[in-house]
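Input: a single structure, listed below in structure tokens.
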Amino acid sequence: MNELCREAGFTVVEEYGGHGIGREFHEDPFVSFVSEKGTGPILVPGMCFTIEPMVNAGAPDITTDKENGWIVRTADGSDSAQWEVQLVVTEDGCELLSW
């Protein structure tokens, strides 16, 4: 993800990534978009997780709203996009649960 975005002239926020989904809102494993290929968690059938990168037109740095602790903005004011898909790992690969 990070390599593809950089080649297109964008950056990826390092603090955010995908995560496991299940009984809790955010669960392990954390799915990084900026780590070295092959260094992430081992995925096994039955695992459900999200892929939700935050891609910036400017620098990858962010700020979080101090009043509510939830709203995130780019530190340099550049445009940004974030989206989420949910997947389940199957015996044959994966199945897209939401787009």
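Just so it is clear, none of the values below were taken in a lab; they were calculated from the coordinates. All of these numbers come straight from a predicted model, not from anything done at the bench. As a convention, Cβ positions derive from the backbone with ideal geometry for all residues, glycine included, and neighbour counts pool all protein chains shown.
For VAL72 and THR39 in one chain, what is 0.36 nm times their gap in residues minus the Cα-Cα distance, to one decimal in nm? Please list the in-between numbers first.
On the way: separation 33, 0.36 × 33 = 11.88 nm, distance 2.71 nm.
So the extension gain works out to 9.2 nm.
State the extension gain, in nm to one decimal, for the chain segment bounded by ASP79 and ASP65, taking 0.36 nm per residue of separation less the distance between their alpha-carbons.
Values: separation 14, 0.36 × 14 = 5.04 nm, distance 1.66 nm.
Value of the extension gain: 3.4 nm.
What distance in nm lies between label points placed 7 Å from Cα along the C-beta direction at GLU91 and LEU4?
Using points 7 Å along Cα→Cβ, the separation is 2.8 nm.
Where does the chain land at 222 nm, in deg cm²/dmol rounded to the nearest 500, when only DSSP H runs of n ≥ 4 count, each adding -39500 (n - 2.57), divided by all residues? Provide the component values of the computation, followed by the final result.
Numbers: 1 runs with 6 residues, N = 99.
Counting only the DSSP helices, I get -1500 deg cm²/dmol.
Below 13 angstrom from the Cβ of GLN86, what's the summed charge of the other residues (Lys, Arg +1; Asp, Glu -1)? Could you put the intermediate results ahead of the total?
Values: positive: none; negative: GLU27, GLU52, GLU84, GLU95.
Net of charged neighbours comes to -4.
From the backbone phi of region 76-90, what are the Karplus-calculated ³J(HN,Hα) couplings (6.51 cos²θ - 1.76 cosθ + 1.60, θ = phi - 60°) in whole Hz, Gly and Pro given as x?
9, x, 6, 5, 8, 9, 9, 8, 9, 10, 10, 10, 10, 7, 10
Let me check against my output: what whole-number percent is the relative contact order of region 2-98, with C-alpha pairs under 8 Å and at least 6 apart? Intermediate results must be reported in sequence, preceding the final value.
Details: 180 pairs, mean separation 25.1, N = 97.
Answer for region 2-98 is 26 percent.
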